[in-house]
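Structure, as structure tokens:
The values are calculated or read from the model by the stated rules, or taken from the named source; none is laboratory data. The model shown is predicted, which means the values in this text are computed figures rather than measured ones. For neighbour counting, all protein chains shown are included, and Cβ atoms are generated from backbone atoms with ideal geometry for every residue, glycine included. Heads up: the accessible areas ignore ligands, DNA and RNA and are worked out on the full protein's heavy atoms, side chains in. Shrake-Rupley method; radii C 1.70, N 1.55, O 1.52, S 1.80 Å.
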Amino acid sequence: MPGLDHLIAKSLNNIIKQNLGVKTIQKIENRLFEKYGISWNQSLEEFEKLDFVLKELFGNIGAKGLEQRFCNAIFDTKSKKNTENWIIICDPDINSNIIQTFGDLEKKKIIESVMESPKIIYEIIKDCSLPQTSGYRKVNALIDEGFLIPTEFEIKENKRIYKYSSIIKNLKIDISSNKIKASVLLNEPQQNQCSFLQIVTK
């Protein structure tokens, strides 16, 4: 699943490895491949499959406890935003990635261009008045990092041309006591599509 799952996958990988150790991870990897034919990295973005294997190994209660620990390392689950569906990220690596991305004025322009309505890459570059080469490179980097996702497509000359949308609708950065927290409001289609959050918070 692209989007928030992809954005948090690297940090989630590190957190799980710190908590479980090499031998347990190897056992999980073998079971994931045996049961679903997927790699460890794929399971981080299709968390329902990793959840199943964790339940097999640790039981329902054990798996739930571990998943809650992973969640607390990435998200601030204690703070509540009163309005809408804000997600508060406390993981320093994810926050650094978000800040660097929004600190790049061209990437910020691209994200803002598709916050309200999806566009094909050509339209994004034109809308942002970017040079073709660097524009395509930055759009593709945002897709690879999980900030932009394909949400619909149109057919042109028998080819699917995807339209991309930002996963983020709004963003607030809080800095206090040298700790940075990014409060993220996801775009509508993404709000119920992060498999990790869906499983951990249900």
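A few points about this structure:
- Pairs from 126/163; 17/55; 27/78; 27/49; 78/172; 35/55 whose Cα-Cα separation, in the structure shown, is over 22 Å: 27/78
- Note on the chain: helix-only mean residue ellipticity at 222 nm, from DSSP H runs of 4+ residues weighted -39500 (n - 2.57) and normalised by residue number, equals -19000 deg cm²/dmol.
- In degrees, nearest ten, helix 4-36 long axis to first principal axis of the chain (Cα): 40
- Packing rank of 25-32, 146-153, where each peptide gets the mean count of other beta carbons within 10 Å, highest leading: 146-153, 25-32
- Whole-number D in µm² s⁻¹ for the chain, Kirkwood Cα-pair radius fed into Stokes-Einstein, 10 °C, 1.306 mPa s: 87
- Remark on residue 115: its backbone amide H falls under 5 Å from those of 166, a criterion applied only to residues 5 or more positions apart or on other chains, H modelled at 1.01 Å from N.
- The chain: angle of helix 92-103 to the longest principal axis, Cα-based, in degrees nearest 10: 0
- For residue 175, the solvent-accessible surface with a 1.4 Å probe is about 120 Å², rounded to the nearest 10.
- Rounded to the nearest 10 degrees, the inclination of helix 47-74 to the longest alpha-carbon principal axis of the chain is 60 degrees.
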